Amino acid sequence: MVQKQLYTTLNNGISMPLLGLGVYDMYKKDAEQAVLWALETGYRLIDTAAMYENEVEIGNAVRESGIARKELFITTKVHNTEQGFDQTLRAFDESQRKLNCEYIDLYLVHWPIKVTRKDTWKALERIYSEGRVRAIGVANYLIPFLDELATYGNIVPAVNQVEFSPYLYLENLLKYCQTKQIQLQAYTPLVRGQRMNDPKLLFLAQKYAKTPAQIILRWALQHGVSTIPKSANLARIKENFDVFDFKIDAVDMSIIDTFHENFRVVEDPMELF
């Protein structure tokens, strides 16, 4: 039985599933198969990027699934090497060609590249104003980048996708995004398995009769954070989606909030840009 998905309404009124599948570091048939499994399991949000070099396979899986396009939410992102106004317009066209779908639901600036991020955002605004994408947003934008964008952007990003987990609990960024009506979305929410043996997490997993991964994903969802765990393994894909039949109580949510140790598995955007 397909479990009921949770949805959020973005700041432009469109609906987005809160839980999706990330497809970073998946290629060829593995990427296609993972998406097919996810869609069969009940996922309706698939997150890819030009940088991942698997947009063709993602598009193939979407069509092969037979699921109506309107039921799905497809995200992709402009590659760092393709940023800039004209380059981004071309990059969007290329992503749409590779995905081979009628429209893209969400298009993101993948990283806040200093010399191009303003022109890149302006290109996203153009694409959105022309009705070619349902929503636009950013990725890896911490508060200083969002503050800067606000000085030149005419549209508030619908989504900000960042590394976020109990071990990297960016509470100030979450509150900032909530205030600005920007949906925060977590990538690498499971810290690539590097904290699954944390005794504090294992205790809660036993208490709720769930896996450590399920506890982490449920914690994010209860904070109103969209989350896109990556897996190409059918059992893990199913496990990561089996988080809608329980709720973490307020006391335990507060305890998980204290797991923060500024632990990153991806580069800190502030140090790069």
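Separation of the alpha carbons by more than 19 angstrom is noted, of 98/118; 28/98; 180/247; 175/210; 28/70, for 98/118; 180/247; 175/210; 28/70. Each DSSP beta bridge with both residues in the range 141-273 is either parallel or antiparallel, and the antiparallel ones are about 10%. To the nearest Å, what is the center-to-center distance of the range 173-220 and the range 1-67, using C-alpha atoms only? Measuring centre to centre over Cα atoms gives 20 Å. When each of the peptides 14-25, 92-103 is scored by the mean number of other C-beta atoms lying within 10 Å of its residues, the order from highest to lowest reads 14-25, 92-103. Its Kirkwood hydrodynamic radius, worked out from the mean inverse distance over all distinct Cα pairs, puts the chain at 18.8 Å. Rounded to the nearest 20 debye, the dipole magnitude of the range 11-264 is 120 debye, with +1 charges on Lys and Arg beta carbons, -1 on Asp and Glu beta carbons, and the Cα centre as origin.
Considering only beta bridges that DSSP places wholly inside the chain, some 15 percent are antiparallel. Computed over the chain, the per-residue total of -39500 (n - 2.57) for DSSP H runs of n ≥ 4 gives a 222 nm mean residue ellipticity of -12500 deg cm²/dmol, rounded to 500. Computed packing ranks the peptides 259-265, 235-241, 69-75, 219-225 as 219-225, 235-241, 69-75, 259-265, most packed first, by mean other Cβ atoms within 10 Å. Its residue count N sets the reference 2.2 N^0.38 Å, and the alpha-carbon radius of gyration of the range 49-88 equals 1.41 times that reference. Using Cα atoms only, what is the angle between the long axis of helix 28-41 and the major principal axis of the chain, expressed in degrees (0 to 90) to the nearest 10? Relative to the chain, helix 28-41 is tipped by roughly 60 degrees. Extension gain, residue 115 to residue 28: 0.36 nm times the residue separation minus the Cα-Cα distance gives 28.0 nm.
In the chain, the longest principal axis of the Cα atoms and the axis of helix 117-129 are about 80 degrees apart.
Positive contributions from Lys and Arg (+1) and negative ones from Asp and Glu (-1), summed over other residues with Cβ under 12 Å from the Cβ of residue 27, come out at -4.
Put a plus charge on the Cβ of each Lys and Arg, a minus charge on the Cβ of each Asp and Glu, and nothing anywhere else: the dipole of the range 1-158 about its Cα centre is then about 260 debye. Taking each residue as 0.36 nm, the span from residue 249 to residue 130 lengthens on full extension beyond its C-alpha to C-alpha distance by 38.4 nm. The packing ranking, built from the mean of other Cβ atoms within 10 Å per residue, places the peptides 170-182, 244-256, 149-161 in the order 149-161, 170-182, 244-256, highest first. Using only Cα atoms, tell me the angle between helix 55-65 and the longest principal axis of the chain; keep it within 0 to 90° and round to the nearest 10. Tilt relative to the chain: about 70 degrees.
Coordinate-derived values only; no laboratory data. Computed from a prediction, not measured in an experiment: that's the story for all the values here. Backbone-built Cβ (ideal geometry, glycine too); neighbour counts: all protein chains shown.
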